[in-house]
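Below is one structure; the comments refer to it alone.
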Amino acid sequence: MDKRFLGILGAIVVIFIAIFAISQNSNNSSSNSNGSNSSSGATNHVEGNNKAGVTLVEYGDYECPICENYYLPLKQVAAQYNDQIHFQFRNLPLTAIHPNAFAGARAAEAASLQGKFWQMHDKLYENQNAWVSSSSPIDQFTQYAQQIGLNVNKFKADYSSSQVNDSINADLAAFKKTGQDQATPMFFLDGKYLANTGLIDANGAASADKIGAAIKAEIDAKSKQ
């Protein structure tokens, strides 16, 4: 009887161990699936403390010369209102007219995986003329990665990864939901489309004063709600 009892007890223990292992594998698979889904969601590159609860979203293209024209005015306004707003950048590479635009977005998203999205974002706009016509822009991007202190081997691997590709495509999908025709830069202030015509000066150049005025008006309106 003792041997039979021990045998039954041992079998029960084995069954419980097997059930536990299956449960753990299922949990791990679920966790990995959730991680994959979150990585394919729209990007969330944000600057600012947003005490006023106002968000300015730019959909931009790193190869777009108009986006480059907006780069410094936006940087100035984001710094001026840093404590009050969120400034968010999302990818909208117009590959039909800008053949290296998707590559530029890849570089920024690869840098973001090492916590340096904005540093690469700035490098791409500040050096736009150096890489937009290159047949191999990754060479320039690797130099920028070195300059901002990235692990270059990881950067190259991430640059070519499906995770980075999925992030850019998720931004494209998010933009499609806005119902706007593709053009860059495209701005949304607290979810409302903000026409570029109201953000330029008399010479047609991006104006920090005009952008700032639009943001200030939204901050004032929100404070009265």
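Observations on the structure shown:
- Just one residue in the set ASN91, ASN169 is in the same structural domain as VAL57 (by TED's automatic domain parsing) and over 25 Å from ILE211 (Cβ atoms); that residue is ASN169.
- Odd one out for GLN225, checked against (1) under 18 Å from THR43 (Cβ atoms); (2) part of a loop (DSSP other than H, G, I, E, B): (1)
- Subset of region 65-88 [under 20 Å from GLN140 (Cβ atoms) and either under 17 Å from the mean Cα position of the chain (by Cα) or outside the structural domain of ALA170 (by TED's automatic domain parsing) (or both)]: CYS67, TYR71
- Extreme residue, farthest from the chain's Cα centre (by Cα), among residues of region 89-98 that are touching a residue at least 24 places away in the same chain (Cβ under 8 Å) and surrounded by fewer than 20 Cβ atoms within 10 Å (Cβ to Cβ): HIS98
- Any chance SER136 is over 16 Å from the mean Cα position of the chain (by Cα) and either crowded, with 17+ Cβ neighbours inside 10 Å or closer than 17 Å to ASN100 by Cβ (or both): yes
The values are calculated or read from the model by the stated rules, or taken from the named source; none is laboratory data. As the structure is a computational prediction, the values presented were derived from the model and not from experiment. Here the Cβ is made from the backbone with ideal geometry for all residues, glycine too, and neighbour counts use every protein chain on show.
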